[in-house]
Structure formats: structure tokens, C-alpha cells
Amino acid sequence: MTTQGIWPAVLGRLDWHELPFVRAWENPTASEIIGAGAALIVIIGAVFVVALITRLGKWRYLWSEWLTSLDHKKIGIMYTVLAFVMLSRALIEAVLMRMQQAAAIDNPGFLAPDHFAQLFSTHGSIMIFFMAMPFLVGLINYVMPLQIGGRDVAFPLLNSISLWLTGGAAGLMMASLVIGEFSTGGWSSYPPYTELAFNPGVGPDYWIWAVTLGSIGSTLTGINFAVTIYKMRCPGMHLMRMPLFVWTALCTSILMIFAMPPLTVATALLALDRYLGFHFFTNDLGGNMMNYANLFWLFGHPEVYILILPAFGVYSEVVSTFSSKELYGYTSLVLATAAIALLSFTVWVHHFFTMGQNADINAAFGIATMTIGVPTGVKIYDWIWTMFRGEVRFTVPMLYSLAFMMTFVLGGFTGILLAFPPLDYLVHNTLFLVAHFHNMLIPGLLYGMLAGYHYWFPKAFGFRLNEKWGRISFGCWVIGFYLAFMPLYVLGAAGVARRTQGMFDPIFRPWLYVAGVGALILLAALGALFIQFWVSIRERDANRVFAGDPWDGRGLEWSIAAPPPEYNYACIPQVHDRDPFFDAKRNDDPYVPPASYDAIELPKSSMTGPVIGVAGAATAFGLVWHMWWLAIIGMLAIIATVIARSFARDVHRIIPADEIERTERRWLRAVAEATPIVREVEMTSANQGLAEVSE
């Protein structure tokens, strides 16, 4: 074989011009230079992390204690770290888009149309699949087993595999910054535009395989969580004694199980069209892109509630705790959660009212869309009644909850407007729609995840987050949101199309400038979060809450040390009511040690998850670039790893009873030495994690 024949076989479609640095050198426009700069940031960031870990000599520790760990708590933290990394990229992309639109008024701006299209495609795909999903899965991973009195999830190894599939998919998204280009087909990647005839580049393939890996990981996660909640609850915790966060986690898991497969099928069929010349969604030879639209939105609208329901669970926990009251209307909240989960499968057509189905079908789905607002309203009223006559403490998690209630209701009103098909025809695919779904997802999902992050951070790491910087970040998130997205309602009502790279009417200029300022404030909010994290680490000794109950919590997770031991509970708790720890503090001593301790069996760390995740990413990368040898090697590595793991027998380890006793007695001594504090000083260094019990 000649040299000319060897390199295409090895590198597939890859050549020098796929590198952004080469493109920027040959065509030094602002757009190409920005693309090369983004690639450089990714490379420098990766090199810095590798160098830092090497300098600290932490590779062995990182591998054995974190990357291969099957502990649900560490897996949850790694999911959350991934979410913050991807949030940083997606938010920077959002700022670039807003700056481009503000600059491109009767002017080409600084981003080429194709680059702008890549930005809105990566922004949407990352925010949904690789920021929101890892954030909520990480929070559920950490908190849910603690709340049900369990030691881990039902399938710890599957949990690790899910994490690494998601991480591999996110890595593929980051690789698209450095090698090649991403899809320009939006986060939904509609054919026929993403078919081979219209878009023969690697962009749609990056999207297909990243989303496929992520959707498989999410499906496995849904199965894992559902089985955990059904089968791993501690004695006495029947379904109607579960915390609301666990209920929302259960309904989210069921949605994952049934909503993710249509997405996986859609991406697989699109891949068959692009790779093997099939005609599922093409314009000719029997193809029908409406089949793709239905498959995608069969996933897409339940996905909205996969994102929102865990946040609803967080708000239920936060509002009850910081109002010092039992959650009002528990049964109605459970029923509302289940109703939302069920109705979420009945409204997908409202995403394409304009695509040709008859008026009767549109009317039916419009009515269903309005109906799903009813159980959501029930939740809002229940949270309001929980606060009513409560001792409300305006901590950072509570501030996010209050901002959510006000802002989410505004977004809900616009959702009801869009449920009218005639009105939807007027504003479909305009900035009005962009404002609406950000109005639902930022207060609904992001505020909820940030509230949960602040609420459970002391439990995870043993010290509180800095309150001052938390409030600064909160203020920027709220102000930035209103400035960035309220003008889009006006622009959308005026007919400005979404995904528009440039404008021609100068009348839009003031609104675009305000939206641009809002985007910059949102970026400042993220920066304030990172500053808060850094300051909190520096001040951690003054803010430790090792006793484990900094907020006068109600659920089981607050009855153990902060951070919890790897086995969670020395003895599996038994519950008799809905707020077991809160009631035990008032009726009994919740810190009485057991008569004796028993040894505990836990799963050993396993490299199966990392190997499958890396091999999956390598397979996907090979398929993107037509490096068939790499795709085959990656797939064989996955198969070999699964087979090898099936022969493994030494997969558990035993923690001796005396080690557990030493750990528990050390914690109980700290509880005995801690000073109980009233709620008014819970945000000061006086808070050692022991709440003063008040009737």
C-alpha cells in the first residue's frame, strides 16, 4: 500500500485543515481566531490539570479513590463537577451569541454565520445533555440513597458505567472544539438538514455519537435509581413516607427509562441514513423527517420534566427546612408529581404545531399542554402555604426557591399562551420561544440545582459555603436572567427569528443591548460561584459542620456526620414517620449509639466504568472521523471489559466492626462537644452542625 493509501486508512477524514489553528492561520478573521482561541483554552486547561495532578503526585489517589470508585457519593460529586465544567463552556457560548447579535445590526458582526450556527447547536446540546442531566443525576446520586437510609444504589458498577459514558460523551463535545467542527443543526439536529446530502461534514456525526452515548448512560441511570428506590428503602419507609426529593427522583427515573430510548432510536436511525445510505428521514425514497420529529419530541418533552422534577424536589426540601415547618400538602405534592410525569408523555406535538397536522390534533395537544399546568400550580400553592406563618430564613437556597416561584410562574403564563395553536403559529421559532423555554429551565432547573448545591454542600464536604459570595452570585443570576431574556419576549413578539446571526432593523438595537448586558451579568454569576467555592475552601476550618445538621434538617441524611462515612449508616435506620430525624430531635435522642456494631460489606473500586467510558468515546471518535480501526478497537475493548468483569468474583470488601465503631465514636464525641445554635446564627462560624431543638 502506498503512503497516500495508508494515511486515509489511519486518519480517515482527518487532515490539517480540521484544526482551528490552521484555519485561523490561513484565514485570520475574527470568527476563526475566536474558534482557535477556544480550542487553545481547552488544550491549556487540559494540560494545566494534568500538570497540577502530576506535580501534587495525586494520580494514584485520584485513580483509586475517585475515578474507579463505586461510592454513590463520589460518583455524584464527579457528575456535579462535570456539570460545572460544561456550564462554563455553554455560558461563554451564550455570551458570544448575544454579543454577536448586539454587534450585527446592519453589520456582519464578528462571527461568521456557520460559526454562529455551531454555537447555538453546542450551547443547547451541552446545556441539556451535559450540564442539566449531569447536575440533576449528580444531586440524586448523592442525596437519594442517604434519604432512604441506604448504603448505596442498587447497582454501583452500573452507576460508574453511566458516569463514564456521560463523561465520554462530554469529552467528545469538547473534542469538537479542537478537531473539526460541530453540527449546525441546532440541539434537536433536525433532518433533512443534518442528512448527508445537506451536511456531509463531521458536525452532525459529533452530535449523533455524543448524544447516543449520553442517552444510553441516562437510560441505565434511570433503571438504577428506580430499582434503588423500589428495593433499597430502610425499614418503615413506605412510599408515602419518602421525602419529596425521593418522589421526584423516582418519577424522573421512570421518565428516563421510557423517554430516553426514543432519542437513542432517533440518533441510531439518523446514523444509518448518514453511514449506510438508509432513507428513514431523507427527502426521497420513502424518507419522512416527521418520524424523526415525533421520535425526538417523544423524548424531548418528557425531558423537560426530567430536568424540572428533581428541582421541584429540591424546592420542597428547602422550603420546608428554612420555613421550620412540615411540608404542606404532602399527598397533593406526590400526586401532582406523578400527574406531571404521566401527562408529560401526552404533549409532545405542541413542539411542532406548525408542521402540518390537522387542527383537531393541534387542539387536543393544546388542551393537554394547558392541563399539565394544573399540577404545577398545585405545587406552587403548597410551597406558599408551607411558608405561611413559618419562621422563614432567607438563606441562599431559600432565595433561589423564592426567585424560582416568581419567575417560573411568569414563564408558565407564556407557556399557556404558546399552547394556543393559532398564537403559536405567530411566534413559533421566534425569540419569544427562546425566552419562554429559558424562562422555564433557568429558574426551574438551574436555580433548583444551585439551591440543592448550596443546601447539601455542607453535608458532602463538611463545611458551609460562603454566604456573602453566594448572595452576590444569586443576585447576578436573577438580575442577569431578567435582563437577558425579558427583552427576547418583546423581540419575538416583533417577529425576530431565533438563531439569527444578524439583524437589519435598528429598532431592535436597545433590546439586544440590554440582553447582551444580561448575558454578561449571568457570566459574572458563574464567576461569583467559583469565587465563593475558593473563598469557602480557604475559610473551611471556621465553617466546619462535622456534627452534620447545620440547617436543623428533617430527613435521615442530616442524622449522620458531614461528610458521611463511606458506608453512610453504621446501622440501617428504621423510620416511623415522614420527618424521622426532625421528630427524633424533639421526641428522643437521635444520637444514641447502638449496642454493638457489625462489619459492613461494600463494593470494591472497579476500572470497568472508566475503561467502558474511554472505549466508548474512542469508538464514537473513530466513527465520526471514519477511523474504522479505532471504532473496531474501541468496541472490542468494551466487549472484552464486560466479559472480563463477568468473571470477576472478588468484588466486595469488608469494613471491620472495630473500624466502624472508632469512626462513629469520633463523630459522636464531636456531636457531644458541639454547641447547639439557634437558627438566627446558623450562617456564622458558631454553627458546628448541631441545631438547637425548638418546639
Review point. How large, in percent, is the carbon and sulfur part of the accessible surface of the range 241-311 at a probe radius of 1.4 Å?
Key: 70 percent
Check your understanding: By average Cβ neighbour count within 10 Å, what is the ranking of 524-530, 687-693, 507-513, 241-247 from highest down?
Key -> 241-247, 687-693, 524-530, 507-513
Exercise for review: Write down the accessible area per residue of the chain in Å², having rolled a 1.4 Å probe over the full set of protein chains.
Suggested key: 41 Å²
Practice item. Provide, as a two-decimal number, the C-alpha radius of gyration of the range 285-387 over 2.2 N^0.38 Å, N being how many residues it has. Key: 1.34
Exercise for review: Determine the share of the range 551-623's accessible area contributed by carbon and sulfur atoms, expressed in whole percent, with a 1.4 angstrom probe.
Suggested key: 53 percent
Revision key, fill the gap. Highest mean packing first, using Cβ neighbours within 10 angstrom, the peptides 15-23, 579-587 sort as 579-587, 15-23
Check your understanding: When the helix-only estimate is applied to the chain (DSSP H runs of n ≥ 4, each -39,500 (n - 2.57), divided by the residue count), what is the mean residue ellipticity at 222 nm, nearest 500 deg cm²/dmol?
Key -> -21500 deg cm²/dmol
Exercise for review: Please sort 363-371, 515-523 by packing, taking for each peptide the average over its residues of neighbouring beta carbons within 10 angstrom, highest first.
Suggested key: 515-523, 363-371
Review point. So what are the radius of gyration and Dmax for the Cα set of the range 10-76, in Å?
Key: 18.0, 49
**Study point:** For THR430, distant residues with modelled amide H under 5 Å away
**Key:** ARG498
Point to revise | Principal axes of the range 404-449: Cα extent on each, largest first, Å | key: 34, 16, 10
Exercise for review: Kindly state, to the nearest 0.05, the FRET efficiency for PHE413 paired with ARG540, given R0 = 60 Å and r defined as their beta-carbon distance.
Suggested key: 0.90
Check your understanding: For the range 190-229, what % of the accessible area comes from carbon and sulfur atoms, probe 1.4 Å?
Key -> 83 percent
Point to revise | Exceeding the 25 Å Cα-Cα cut-off - candidates LYS73/LYS379; LYS468/LYS585; LYS73/LYS231 | key: LYS73/LYS379; LYS468/LYS585
Point to revise | FRET efficiency, 1/(1 + (r/R0)^6) with R0 25 Å, evaluated for TYR193 and ASP360 via beta carbons | key: 0.30
Exercise for review: Could you run the Debye sum over the Cα atoms of the chain, one equal point scatterer each and no solvent, and tell me log10 of I(q)/I(0) at q = 0.06, 0.09, 0.12 Å⁻¹, two decimals?
Suggested key: -0.35, -0.80, -1.45
Exercise for review: Starting from the Kirkwood radius over alpha-carbon pairs of the range 555-683, derive D by Stokes-Einstein at 37 °C in a medium of 0.692 mPa s and give it in µm² s⁻¹.
Suggested key: 172 µm²/s
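The values are calculated or read from the model by the stated rules, or taken from the named source; none is laboratory data. Not measured: the values here are computed from a predicted model. Backbone-built Cβ (ideal geometry, glycine too); neighbour counts: all protein chains shown. Remember, those area values only see protein heavy atoms, side chains included, never the ligands or the DNA or RNA. Shrake-Rupley method; radii C 1.70, N 1.55, O 1.52, S 1.80 Å.
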